[in-house]
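A.B. asks: Before I ask anything, here is the structure I am working with.
The values are calculated or read from the model by the stated rules, or taken from the named source; none is laboratory data. Please read these numbers as outputs of a predicted model, since none were measured by experiment. Here the Cβ positions follow ideal geometry from the backbone for every residue, glycine too, while neighbour counts run over all protein chains shown.
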Amino acid sequence: MQEYRREALRWLAEEYHDLNGTQYDVLEDFPTPLEFSRMVHISRPILMRGSAIPSLSDAAAWSKPWLADKMGDRDISVAVTPNGRADAVTRGPDNKLYFAEPLTQKMSVQALLRSLSSDGPPAADASQDARTSQAEVHYLQSQNGNLFSNRYYELRGDSEDPSEFEPLREYIPSEISWCSDALDRNPDAVNLWIGDEKSVTSIHSDPYENIYTVLRGSKQFTLLPPTEGWCLKERRYPHATYVRSPVTSQLELVPSPAETPLVRWSSVTDPTDPTALPAEAHPIHITVNAGETLYLPAGWWHYVCQRGFTVAVNYWYDMEGRGMSWVWLNFLRDTEEPPLGNGEDEPEGGEKE
């Protein structure tokens, strides 16, 4: 029975690829709400040659000095890891594989910016906190609506939905009109991302229609359609979190209590490696440069890298849960519960702690 299911998934993947290939559309202008609703129905990635964030007259906008000036001495929540792979499968000191979450650390915007790759003059002179953290990787990736959360739309007021990035809200729209009109809903979350090439987002999928615009630098997306989810070799891993040692102040990977639910995650560490995926997989590679926007449909698998200092904003709109969409996405991930991540058939991989 299991082999029959796998053959059915392979057939679906090949049929989908035969009909769609690996091409993607490029738009010179943003779509109308009607046009975007058709795009959501087709559910293919689209690159748009324009920024969903209005352009500013200041040529230095979104640079390190500009961000430091706008944010002042406010503290923000930053993900810290030793290897730049937050929310990823990592091999712990006991040689077991874990789904590792980052240490979330409060730091000033200036400290974050000093730790990242160069983008013109630094926001401030290098200091001790920058020198002592060189072995660690910092990434602003707080995916909880760090700019605007669903509470903002429910209450319609900034004061009821505080943000660590309050000074930046005046430059970033709370929603995208043609997207909100097409989907007849507000975003579930609007997130700001700041990082560099040292941080990589491991491959995963989200139940959101995702509008992703790059303001500074560039992002490289490796995408696979939901029909090829079975190629990602999902496993179930024990959970762990990075913490700072009270003795050495170094990051340590600490397993969560035994009763913590296992995390279902792809065992493919780097899908850009030609040997990492089966022949039936057909990844799509899209580079999104500053001033461009990517429509990433719900359920699409994505692996994301960056080039140099990069600033981006994304809008998550909940996918339509009625009808067949949610059922199909779950089916395409395989109907069987994946094997344990530290079992005998576990592929070699996982980042070193």
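A.B. asks: Based on what the data block shows, is residue 51 within 25 Å of residue 226 (Cα to Cα), modelled with pLDDT of 95 or more and among the small types (Gly, Ala, Ser)?
C.D. replies: Against the criterion (within 25 Å of residue 226 (Cα to Cα), modelled with pLDDT of 95 or more and among the small types (Gly, Ala, Ser)), residue 51 does not qualify.
A.B. asks: Consider residue 45 carefully, then state whether it is in contact (Cβ under 8 Å) with a residue 60 or more places away in the chain, in contact with a helix residue (DSSP H, G or I) (Cβ under 8 Å, 6 or more places away or on another chain) and over 30 Å from residue 340 (Cα atoms).
C.D. replies: no
A.B. asks: Could you tell me how many of the residues in region 61-75 are within 18 Å of residue 196 (Cβ to Cβ), surrounded by fewer than 20 Cβ atoms within 10 Å (Cβ to Cβ) and aliphatic (A, V, I, L, M)?
C.D. replies: The number of residues fulfilling the criteria is 1.
A.B. asks: Looking at region 61-97, which of its residues are without any contact (Cβ under 8 Å) to a residue 60 or more places away in the chain and among the small types (Gly, Ala, Ser)?
C.D. replies: Across region 61-97, the qualifying residue is only 68.
A.B. asks: Can you give me the number of residues within region 183-202 that are in contact (Cβ under 8 Å) with a residue 40 or more places away in the chain and farther than 14 Å from residue 315 by Cα?
C.D. replies: 9
A.B. asks: Of all the residues that make up region 181-233, how many are part of a strand (DSSP E or B) and either basic (Lys, Arg) or more than 17 Å from residue 304 (Cα to Cα) (or both)?
C.D. replies: 4
A.B. asks: Out of curiosity, is residue 256 over 30 Å from residue 315 (Cβ atoms), of a type in the set (Ser, Thr, Tyr) and modelled with pLDDT under 95?
C.D. replies: no
A.B. asks: Scan region 234-267 for residues that are part of a loop (DSSP other than H, G, I, E, B), under 30 Å from residue 278 (Cα atoms) and either in contact with a Pro (Cβ under 8 Å, 6 or more places away or on another chain) or acidic (Asp, Glu) (or both) and jot them down.
C.D. replies: Selection gives 238, 262, 267.
A.B. asks: Something else: For region 35-60, name all the residues that are closer than 23 Å to residue 167 by Cα and buried (at least 16 other Cβ atoms within 10 Å of the Cβ).
C.D. replies: 51, 52, 53
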